[in-house]
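Okay, so here's the structure we're looking at.
The values are calculated or read from the model by the stated rules, or taken from the named source; none is laboratory data. Here the structure is a predicted model, which means the values were calculated and not measured. With ideal geometry, Cβ positions are generated from the backbone for all residues, glycine too; neighbour counts draw on all protein chains shown. Side chains are part of the model used for accessible areas, which takes the heavy atoms of the whole protein and leaves out ligands, DNA and RNA. Shrake-Rupley method; radii C 1.70, N 1.55, O 1.52, S 1.80 Å.
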Amino acid sequence: MSDDRRVTFRDRDRLARTPAHETALDCLAAGIEAALPERLIRDVVSVQDGTLWIEDADGGVGEYDLDAYDRVVLLGAGKATAEVAAALAGVLKNGSHEISEGVVVTEDLETRPSTAGVEVLPGDHPLPSERGVESARRVLDAAERAAPDDLVLAVITGGGSALLAAPADPISVDDLRALTSELLASGASIDEINAVRKHCSAVKGGQLARAAAPATTVTLAVSDVIGDPLDVIASGPTVPDPSTYADALAVFDRYDLDVPASVRERLSAGVNEELPETPTAGDPAFDRSAAFVVGNGRTALDAAASARPTGG
């Protein structure tokens, strides 16, 4: 896909009835273009002399000597993860490096780009599905194959919570779907919803990073959450989880939710310390881990604010 891709509007001449309308359309186009995955990654990720550079939305920078790793493994989930994967592969190729193994989960596969070395697998949103669970387990399997001298790039974008669905025992896919439907209709905040999701999952809440450890894991997150809390974006599969089983169980009482028995069974076992908690800050899973927000709502807003009208 071309790096100079431009956003166009159908019936623009009709919509741009006044100079103010014209300016509004220019601002909107600039915001959309800035958030396009290929543009976003090109602006914040580069390879220079064998070193991978990643710039955080807040200005932080990470650097990784690609020659120091045996393999580059790309994992991810979200509505835009296939596009981000393609853009990352392009950056690496321009720097004379390649993805050795890749597995990402998204929806609407027929509209997604294909990338050499990366399997783009199907999932469903907003409710999890059998095929999505199988795809999520393929991501988890790839994480577990990562060796200590591998670099794992984890791409997380909006929609990742539903698309990366791997229910933990004894929860079935049907029970997970019923739980998700109940949560989405409850009025609970995204933080509360994801606290439950994390503790009903085999991959969320830092557990993907735990599976990949001790490989070096670098998360590139495109945030759709206000404030960009990494543990909330896609339920934080590669970052520390500050929530607990007790927090998750409390959501049911707070919103008087009717959830499957298997879900209450798992959360109650966790509260009673019969199950390990999701990994928190300081856990060895994060000894060789870093995370970067490479795009968010501000990315589009800043571009829209600085747009120059086409007429002048």
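Per-structure values
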| read-out | value |
| --- | --- |
| Per-residue HN-Hα couplings for region 190-206 [Karplus 6.51, -1.76, 1.60; θ = phi - 60°; Hz; x = Gly/Pro] | 4, 4, 5, 4, 6, 4, 5, 4, 4, 8, 10, 10, 9, 9, 6, x, x |
| Per-residue ³J(HN,Hα) for region 36-43, Karplus 6.51 cos²θ - 1.76 cosθ + 1.60, θ = phi - 60°, Hz, x for Gly and Pro | 4, x, 5, 6, 4, 5, 4, 6 |
| Cα gyration tensor, region 125-279 - rounded (a/c under 1.5), prolate or oblate | prolate |
| DSSP-defined antiparallel bridges as percent of all bridges, the chain, nearest 5 | 30 percent |
| Gain in span if fully extended, residue 298 to residue 98, counting 0.36 nm per residue against the direct Cα distance | 68.9 nm |
| With at most 10 neighbouring Cβ atoms within 10 Å, loop GluC sites (Glu not before Pro) (DSSP) excluded, longest segment of the chain | 1-272 |
| Rounded if a/c under 1.5, otherwise prolate or oblate - the chain, Cα gyration tensor axes | oblate |
| Inter-label distance for residue 277 and residue 108, nm, one decimal - labels placed 7 Å from Cα along Cα-to-Cβ | 4.0 nm |
| Residue 102 long-range amide H proximity, modeled H, under 5 Å | 74, 119 |
| Cut-off 13 Å between beta-carbons: net charge of the residues surrounding residue 101, Lys and Arg +1, Asp and Glu -1 | -3 |
| Theoretical gain in end-to-end length, residue 8 to residue 28 [0.36 nm per residue, Cα-Cα removed] | 6.2 nm |
| Pairwise centroid distance, computed over Cα atoms, of region 151-204 with region 212-254, Å | 10 Å |
| Of 94, 296, 194, the one that fluctuates the most in a GNM where the chain has Cα springs shorter than 10 Å | 94 |
| Beta bridges per DSSP with both ends in region 1-116, % antiparallel, nearest 5 | 65 percent |
| Average Cα contact separation per residue, region 185-269, under 8 Å, 6 or more apart, as relative contact order % | 39 percent |
| Cβ-Cβ FRET estimate between residue 265 and residue 20, R0 fixed at 51 Å, reported to 0.05 | 0.30 |
| Placed amide H near residue 154: partners under 5 Å, 5+ positions off or other chain | 75, 218, 219, 220 |
| Contact order relative to length of the chain, as percent, for alpha carbon pairs under 8 angstrom and 6 or more apart | 20 percent |
| Region 10-19 - phi-based ³J(HN,Hα) in whole Hz, Karplus 6.51/-1.76/1.60, Gly and Pro as x | 5, 6, 4, 4, 6, 6, 8, 6, 9, x |
| Dipole-positive endmost among 263, 244, 185 within the chain (Cβ charges, Cα centre) | 185 |
| Distant-in-sequence amide H partners of residue 56 (H built 1.01 Å from N, under 5 Å) | 61, 62 |
| Proximal charge balance of residue 242 [Cβ under 11 Å; K/R count +1, D/E count -1] | -4 |
| Accessible-area composition of region 192-299, carbon plus sulfur, in percent [1.4 Å probe] | 51 percent |
